[in-house]
Every structure is written in structure tokens, then in C-alpha cells.
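This report refers to the structure that appears directly beneath it.
The values are calculated or read from the model by the stated rules, or taken from the named source; none is laboratory data. Bear in mind that the values here come from a model prediction, so they are computed numbers and not experimental data. Cβ sites come from the backbone with ideal geometry, for glycine too, and all protein chains shown count toward neighbours. The protein model used for the area step is the full one, side chains on, heavy atoms only, and it has no ligands, DNA or RNA in it. Shrake-Rupley method; radii C 1.70, N 1.55, O 1.52, S 1.80 Å.
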Amino acid sequence: MVDETRQLGGGSNDRNSPIVVLRNAGLPDARLAGLNVAGPDDGEDDGFDFARYLHILRKHWLVIVASVAVAVAIAVALTLTTQKIYTASVTLQIDKESAQVINVQGIEPRETTTYDEFFQTQYGLIKSESLAARTVDRLGLVNDQAFLTAMGFTTGGSKAALRERIIERVVGSVDVAPIQRSRLVRVTFASPDRQISARIANAIAENYIGSNLDRRFESSSYARKFLQERIDETRVKLEESERRLVQYAREQQIINIPTGGSSSSSSGEAGSSGGGQQNTPLAATSLSSLNEALTMARAERIRAEQRWRQSQASGGAGILNPADNANIQQLSLNKANLEAEYREKGESLLPDHPDMLRLRARITELERQIQNETNNSRSSSEQSLRAQYEVALRQERSFEAQVNALKGSVLDARDRGIQYDIFQREVDTNRSLYDDLLRRYKEVGVSGGVTNNNISIIDRAKVPKFASKPQPRQNLITAVFAGLLIGIGLAFLLEFMDESIRSPQDVENKLRLPLLGSIPKLAKGVLPMDALQDVRSSFSEAYYSLQTALQFSSDKGMPRNLAVVSARPSEGKSTSSLALARNLARLGGRVLLIDSDLRNPSLHRLIGVENSRGLSNYLSGGSDIEDFVSVTNQANLYFMPTGPLPPDPAQLLASGRLVDLIRETGKLFDVVIFDAPPVMGLADAPLIASRVEAVLMVVESGRTGRRVVRAALARLRTANARVLGVVLTKFDARTSTYGYGYGYGYGYGSNYDYTYGSKPIEDKSGGKRKA
């Protein structure tokens, strides 16, 4: 064996090895290769997965059927034991009242209700205890033995206590159902006796109408009485306030001029204001008139002063208009005629001609006369403007003196008028309130409260022919639906509480790790080694798929050294390590399988080699790796057993010899696979996982829980291990939620499927094999 293993040296230098080629051909994204390597953020579980939910229902169909059966049984029992109830209904029409008895501000605020509030109020009145008590008393139900027997009342105790119990029963048996989009209301009464139901339903409607009329009559009587009391009180207040106003005006000598009305006050008395009439003090009226005259005089004085100042500034040129002076106008006309004649003769005569000189002398004389006339007119205009200004100034000062003289009187009258205004407002308020109350009192009458009724009976209650409760058909339908809902809820609850990893989708959803392969469950009695012998079986094909997924699990391709771990024992970790190693060896590369479970080794029995020396010997100080490696019956596959079991495997694996082993085996082999011990409860697996390039987690379908796997993964991440993904072993695609797609195709073309059934199938040679 030693001679054979020593021929392994230099194997890693063969760059044409198929495994090396596959390692260099790694894809950046494994999902581009069409493999089932899903990342934790893949969105396959984001949408509504109908197949998954359907499988959950099929899986727990017994729970659903049991829930429906129990619900139906309960419904049948309740239907058979429930007392029959008969319901009679009467239809009423209720119209909303719009009349308002009292609408006086300060006495009672006006209540504005919507239609919904009004009808809800009426429904409450129909179901009120007062109406029930009125109905009980009018029908004499306390002494009605037939009613008491039918409703199950006992005659023991006082009449008052019995009456209260009957009222409570009647209130509980009355129901109100408004008819949509109408003013119709259906009032129902339910009891064990059909005759009693119809009689009480009609009685409730009649007493409801009667109570409504009584309330309207009582409200009208109360309103008239209330208004009469308020009118008397308001009249007394009005008279007292008017006497105080007149007395104060007489004492203070306040005289007001009425405006907006026809009445006036006498000397020494203050006039009272009527409707819309306003009174103004006499002094204030005089002051207002003088103030208006002063304003006009001041405006006239300003205009006269402006004209006079303008004349002085322009030397009278700006105030003289030649068109206003007849003499200047005539002289200007004569001058114009002479100038025209002078120009006409100037065309034929020389300027020094006697006629021309005579005409020039006449024109010059006219110009002198025009200038003299203009100077005379300007002088007289200035004197006129000054006289107008002085008159306007004197008039302004006269009005100003009168206004100043009246200011004191007006201010004094205003001070005295403050209290007068207070008395006047009190009189106005009392008079307005008195008029409103008197008008409302005249409108209110006894007939106004009882003549019209807004409630009427449309359809009287008839004796019901059939019982309204129980309803067998409706009860059964409700029970079936309730049972289905409860059963479905229990099914999903059980599925939610199921912590086991059963399907590839559970790996992605619950573990958030890529699924590198799903290994089908073998049929009963079939050994894994037998199934692996047939390279075309679904079992072998599943491991070929795992091998392919590993080759594309990273951008560097197949890891050079790999640890295969599981959370618990007996999950298929050793079988997966061996199957993966054999498949890689078939590619032509040198593969070393190391059994690193130093507590419970099993690979040496599967491969058929001795376990006298191996990994423990090398970690304890062995010098040459080739001394501890065995050749298997599979070409290119080499095996290192555990060797003698050490007393402290964790301490042995924590030494630096494990790193030396990985380095040295990397020189001799293309791929090194460690079959590591379980992760939970032991420190061995994290120690190995922290040294190798990658870790492959093996999870048994339907047995290992999510929390256990997550705890194992947490331990590996604490050790800085690089977990590539998960292999789901013992997966039964027929019972899985996602059976279609994950198990399909593995057995295509094989002579016998080791994973389903045990029926003999003939091979190509005509022989028969049995699982």
C-alpha cells in the first residue's frame, strides 16, 4: 500500500486534469448555468405559490375533514335542540318632521338633525323600554296566562318584578330593520308562539304611533305654557327699561332728532326708537351741519386764495382773458383789419408812401389803446380777486368759530349719552324679544301638535306560517364554511409550526442558503452503495447534479478542499462525501477522501479498508502523508481513514498539523474531501470548517429542524467557515410540496429506479433485480 500511494506525488502539477479544468471554468454566477443554486434573496417565494398552498391542504386533509365534520355535528345538534321561534313583522312609514315649536334665540337653541340621526332616534324609540312598558300595560301581558306560559315565565314573585322581566323580554325580542332607499321600517317581534308574535308586533306599532302623538301634544302644551311665562317676564322688563330711559333723558335734557322714522321727541323728553328708527342728539346734528358748512367755506377760501396768489405771481397775465373785454376785442379787430389793408397795399406801394405811413400810424395808435385797456382790466381784476378771497376768509372764520363753540356742548352730550345708549339698547333688546315671543305664542296651538302624524302603518303583522329559527339549511351551510375555515387555518398553523426541512423550497425559504442538490430517498431495503453502483440511477444522477453545482458554486470553480458536514448524525453526510468523491474521481482527477470523524468513523466500512492507521496518526506527529493513504477499488480515488480514535479529538484537530495536512494533500491531489463529524454539540466540525476552502451542509429531509440547522450554521459562521450551500438528502419528491421539478428526470433512461417501489424490473440482459 505504501508503494502504491507514493506514486501520487506531483499530481497537482497536471494542469490538464479534468477537475482542474472545471475549476478554472467556474462561472461568476452559478445561477447562469441553469443549476438549482438559489441565493438567499431570490424572489421565487415572493409571489403567490398556489402549488405550495394546495399541497399544504392535501397534506392536512384529515384535519380539514375532521373540522368540517365536527362543525356539522355541532350544527345538527344545535338545530335539533333549539326551540322554534316565530317572527312576525309590521311595516311602518316614518316621515321626518320639519316644524319647530320654539325658535327664539336665547330661549331654546334650534336643533338641526340629519335624516340619519332622525331615523336612528326613531329606531331607538321603537326598541325603548318605555314603549315596551306601554305595550305590556295596554295588552295586560302580566295577567295573560297564555303569554306567560308560551314565553316561559313563572308566576311566582311580585307583579312588579314579573312586569320588569316581561318588559326586558319584549325589548330583547323586538328588532328594527329599515328598508334601504325608503322611509319604510320593518318592525319584528320573535317568540315561541306565532299568534303572540303577530299580536305584540301590531301592538308595538300602534303604541309607537300613540306615544308619538302624546309627545307632540305634551310638547305643544309645554311650549304654550313656557311662552306665556316668558312673555309676562319680558313685558315687565320692557316697561321698566322704557321708564328708566325716559327718566334719564328728562334729567339730562337729552334731545334726539329721529332719523329713519316719523316720530319725534318733545322738548325736555327723549324720543324712543321704534323699529328701524335712529335718534341723533340735537347738538350733534347742529355740529354736523356747521361742520359741513365749514368744509365748504374752507374749500371756497382755498380756491379764491389760489386765484389771487396766481394773479400776484404772474403780474395779472394769468387772470386776464381778452375775450371777456369788449373794448379790447373791438380794438383788436380794428387792428387786424388795418394790418390786412397794410399788407395788401404793401404789395403795390413802398413803405414810405404817404398812404403806407398813415396806415402804420393808425396801427400804432390802436396798439397803444389795446395796451392801455389791458392794463386797466388787469388792475380791476386783481382788486376783484382780493375782495373775493377776503370774503371767503371771513366766512370760513365765522363757521370755524361756531363749530368750536358747539364742540363743548357735543362732547358733554356724548358723555351723558353713553348711559342713555345703554338704556336704549336694553329697551331695544326687550322689545325685540317680546315681539318674537308674542308672535311664536300666536303660532302655537293645540291643533298644531296633534292634527298631523308623521307615522303610519303600511302592512300589519300577520301570523307567521313557518319558524324563523332554527334554519337547518343555513346552519349546515354555515357549519360547512366555518369548518372549512377552521380546518384550513389549522392546516396552515400546523404547517407553520413544522420546523423540519422537507423540500428544496424550505432550504431557500427557511435557511436562506443556495440549494446545491436534492438527493432522492431510497426505497426500503436498498443500500446507498448498491444504488451508487448503477451510474444511471436517479440516486447517482442526483450526486452528479451536486458535482456540477459545486463546479459552478463560485467564480473559481471546484474548491480544492471541501468539508462535508451535517447538524446531526445519520443525515447522509458520509454517503454524500463518498458519492461526491467517486463522481469526481470518474472525471480523471486525483481525489482524496478523508474520514475526519474521530469519534464515530464509518467510511472505512463503506469503502472496505482497514482503520488501523490514518488521520489521527498524522495529526499526532506522523511525517509522511502517503503512509496513511489507502488506494480504493475506484480509479483515482484515495482514502485516508481516521485511524485509532484519540482521547481528545478537538485538541488534536486544533493543532497546526491539520493545516499542514491540507497544504500537503493539496500538492498531491486535485480535490480533498473531509467527511467531518456532526456540528451540534462538538467542536470538531467548526475546527475543520475553519481550515478548508469551502463547506457543504447536508440536511436530511423531514427530520432535521430549521432551528437546529440554523444553530449549526451559526457555529460554522463563528468559525469563519465558507458555506457553499445545502444538500437535501432522503428527499421524497412524491410527498413534497414541490415534488414536480425537483425529482423529475433523475431516473430518466435507467433500468431501475432505486428510489420508488420494490417491483422487479427486467434489465437489458433479461435478468431481474429486486430492491
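Only one of (1) touching a residue at least 12 places away in the same chain (Cβ under 8 Å); (2) under 29 Å from I56 (Cα atoms); (3) among the aromatic types (F, W, Y) fails for F496. Which number is that?
The one condition F496 does not meet is (1).
For a quick check of your reading of the model, give me the residue pairs whose first member lies in segment 123-152 and is modelled with pLDDT under 90, whose second is open to solvent by 40 Å² or more (accessible area, probe 1.4 Å) and among the charged types (D, E, K, R), with beta-carbon atoms closer than 7 Å and at least 6 apart or on different chains.
These pairs meet every condition: V142/K159; V142/R163; A150/D193; M151/R169.
Collect the residues in segment 350-362 that are modelled with pLDDT under 85, open to solvent by less than 70 Å² (accessible area, probe 1.4 Å) and in a helix (DSSP H, G or I), keeping them in residue-number order.
Of everything in segment 350-362, those that are modelled with pLDDT under 85, open to solvent by less than 70 Å² (accessible area, probe 1.4 Å) and in a helix (DSSP H, G or I) turn out to be D355, M356, L359.
When residues of segment 663-683 are filtered for being under 60 Å from the mean Cα position of the chain (by Cα) and modelled with pLDDT of 90 or more, how many remain?
So the answer is 9.
One residue is enough: does segment 168-181 have a residue meeting the conditions of a type in the set (D, E, K, R) and part of a helix (DSSP H, G or I)? Give the steps one after another, and end with the answer.
Here is the first cut: in segment 168-181, the ones of a type in the set (D, E, K, R) are 168-169, 175, 181.
Now drop any that are not part of a helix (DSSP H, G or I), which leaves 168-169.
Yes, segment 168-181 contains a residue that is of a type in the set (D, E, K, R) and part of a helix (DSSP H, G or I).
Rundown of residues vs (1) modelled with pLDDT under 65; (2) open to solvent by less than 50 Å² (accessible area, probe 1.4 Å); (3) not aliphatic (A, V, I, L, M), yes/no style:
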| site | (1), (2), (3) |
| --- | --- |
| A38 | yes, yes, no |
| D41 | yes, no, yes |
| F50 | no, no, yes |
| W61 | no, no, yes |
| S67 | no, yes, yes |
| I74 | no, no, no |
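Among the listed residues I196, I200, which satisfies the condition of being open to solvent by less than 20 Å² (accessible area, probe 1.4 Å) and either of a type in the set (G, A, S) or in contact (Cβ under 8 Å) with a residue 60 or more places away in the chain (or both)?
It is I200.
Among the residues that make up segment 85-105, is at least one of them in a helix (DSSP H, G or I), within 40 Å of the chain's Cα centre (by Cα) and modelled with pLDDT under 85? Step through it out loud before you land on a result.
First, the residues of segment 85-105 that are in a helix (DSSP H, G or I): none.
No, that holds for no residue.
Which ones in segment 192-213 are among the hydroxyl-bearing types (S, T, Y) and within 45 Å of the chain's Cα centre (by Cα)?
The answer is Y208, and nothing else.
Do the conditions hold for Q180, that is, is it among the polar types (S, T, N, Q), at pLDDT 85 or above, open to solvent by 30 Å² or more (accessible area, probe 1.4 Å) and under 30 Å from D95 (Cα atoms)?
Yes.
Could you say which residue among R605, R613 is open to solvent by 20 Å² or more (accessible area, probe 1.4 Å) and either closer than 27 Å to A719 by Cα or in a helix (DSSP H, G or I) (or both)?
Values: R613 fails: either closer than 27 Å to A719 by Cα or in a helix (DSSP H, G or I) (or both).
Result of the check over R605, R613: R605.
Being within 23 Å of Q547 (Cβ to Cβ) and out of contact with any helix residue (DSSP H, G or I) (no Cβ under 6 Å at 6 or more places or on another chain) narrows it down to one of S701, S620, S616, so name that one.
S701
Counting only residues that are in contact with a Phe, Trp or Tyr (Cβ under 8 Å, 6 or more places away or on another chain) and open to solvent by less than 20 Å² (accessible area, probe 1.4 Å), which one in segment 203-228 is modelled with the highest pLDDT?
I204
Is it true that Q120 is in a loop (DSSP other than H, G, I, E, B), of a type outside the set (A, V, I, L, M) and open to solvent by 40 Å² or more (accessible area, probe 1.4 Å)?
It is false that Q120 is in a loop (DSSP other than H, G, I, E, B), of a type outside the set (A, V, I, L, M) and open to solvent by 40 Å² or more (accessible area, probe 1.4 Å).
Scan segment 346-364 and report the pairs whose first residue is under 18 Å from A336 (Cα atoms) and whose second residue is outside any loop (DSSP other than H, G, I, E, B) and among the basic types (K, R), with Cβ atoms within less than 8 Å and a gap of 6+ or a chain change.
Listed pairs, sorted by first residue: D355/K345; M356/K345; L359/K345; I363/K335.
What are the pairs, 6+ residues apart or on separate chains, where a residue within segment 452-479 that is more than 20 Å from A201 (Cβ to Cβ) has its Cβ under 6 Å from a residue that is of a type in the set (S, T, N, Q) and open to solvent by less than 50 Å² (accessible area, probe 1.4 Å)?
P470/T79; P472/T79; N475/T79
Give me a count of the residues in segment 580-602 that are open to solvent by less than 10 Å² (accessible area, probe 1.4 Å) and in contact (Cβ under 8 Å) with a residue 60 or more places away in the chain.
Matching residues across segment 580-602 total 11.
Being open to solvent by less than 10 Å² (accessible area, probe 1.4 Å), of a type in the set (A, V, I, L, M) and either part of a helix (DSSP H, G or I) or within 17 Å of D732 (Cα to Cα) (or both) is true for just one of L516, L493. Which residue is that?
Only one candidate qualifies: L516.
Based on this model, can you work out whether M558 counts as assigned to a helix (DSSP H, G or I) and at pLDDT below 90?
no
Could you check segment 132-160 and list, in sequence order, the residues that are of a type outside the set (S, T, Y) and not in a helix (DSSP H, G or I)?
Of everything in segment 132-160, those that are of a type outside the set (S, T, Y) and not in a helix (DSSP H, G or I) turn out to be G140, D144, G152, F153, G156, G157.
For segment 668-724, name all the residues that are touching a residue at least 60 places away in the same chain (Cβ under 8 Å), of a type in the set (K, R) and either buried (at least 23 other Cβ atoms within 10 Å of the Cβ) or part of a helix (DSSP H, G or I) (or both).
R706, R707, R710
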